Amino acid sequence: MENAEPINLVKLIKEKFIFLDLEGNTKQDVIQELAEVAARSPKLINKKAFYKIMLEREELGSTGIGNGVAIPHVKSKVVRSFILIFARHNAGIDFGALDGEKTYLFFALASPPDKVGTHLKVLAEISRLVKDKFIVERLKKAKDKKEILKLFSSYKK
């Protein structure tokens with residue numbers, strides 16, 4: 001049985017999984033950079049497989065939800081437990097977002113295939129957070145990782 005407690009993004013994301021200087025100019029480049037960040041975790045079993053699975057998920061439909069935000073996410077056996085990454089591209093890229101605008105903020109989520117309920121709860125929590133245009137603007141302008149974490153922890157549902 002999966003945990004019924006509310007999702008706390010601050011408990012899920014660690015400072016080493018916040019990356020504020022994405023450089024890639026394509027969706028593939030950004031996913032490669034996200035895979036590099038995910039590889040910092042012992043929870044990731046195979047970086048190449050993770051990259052491939054993330055690309056395959058994007059082919060099903062863009063995870064660019066609009067308002068400058070994308071939430072690339074996968075459920076896969078290549079992860080032992082949840083990995084949540086926050087990354088920012090300061091210039092923005094075309095990530096195939098639903099609104100046709102550039103994407104600046106990326107919340108990458110990977111979870112084991114047997115954690116579907118929690119995976120969906122995390123996606124819902126991220127979606128709630130980024131519906132707040134004020135929070136999105138502050139995340140775009142945050143100076144460092146500590147400020148990002150502070151924004152996550154100060155967010156009230």
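No lab work stands behind these numbers, since they all come straight from the coordinates. In this text, all values refer to a predicted model and were calculated from it rather than measured experimentally. Because the Cβ atoms are built from the backbone with ideal geometry, glycine has one as well, and the counts that use them run over all protein chains shown.
Ratio of the range 90-157's C-alpha Rg to 2.2 N^0.38 Å, to two decimals?
Numbers: Rg = 13.4 Å, N = 68, 2.2 N^0.38 = 10.9 Å.
Computed over Cα atoms of the range 90-157, the ratio equals 1.23.
Pairs to check: LYS115/LYS146; LYS47/LYS141; LYS121/LYS143; LYS121/LYS150. Give those whose C-alpha atoms are more than 26 Å from each other in this structure.
With Cα atoms farther than 26 Å apart: LYS115/LYS146; LYS47/LYS141; LYS121/LYS143.
Structure shown: which of LYS52/LYS140; LYS11/LYS48; LYS16/LYS140; LYS27/LYS75 lie over 23 Å apart, alpha-carbon to alpha-carbon? Don't jump to the answer; show the numbers that get you there.
On the way: LYS52/LYS140 28 Å; LYS11/LYS48 27 Å; LYS16/LYS140 18 Å; LYS27/LYS75 19 Å.
The answer is LYS52/LYS140; LYS11/LYS48.
Translational diffusion coefficient, Stokes-Einstein: compute it for the range 11-154 using the Kirkwood radius over C-alpha pairs as Rh, at 10 °C and 1.306 mPa s, and state it as an integer in µm² s⁻¹. Don't skip to the answer; put the middle values down first.
Working: Rh = 15.0 Å.
Translational D for this selection: 106 µm²/s.
For a footprinting-style exposure proxy, rank ILE18, ILE83 by other Cβ within 10 Å, fewest first.
Listing ILE18, ILE83 from fewest to most nearby Cβ atoms yields ILE18, ILE83.
Assuming R0 = 30 Å, can you tell me the calculated FRET efficiency for the pair PHE134 and ASN25, based on Cβ-Cβ distance, to the nearest 0.05?
Computed FRET efficiency for PHE134 and ASN25: 0.60.
Assigning unit charges at the beta carbon (Lys, Arg +1; Asp, Glu -1) and nothing else, what dipole magnitude in debye, to the nearest 20, does the chain show about its Cα centre?
Rounded to the nearest 20 debye, it is 600 debye.
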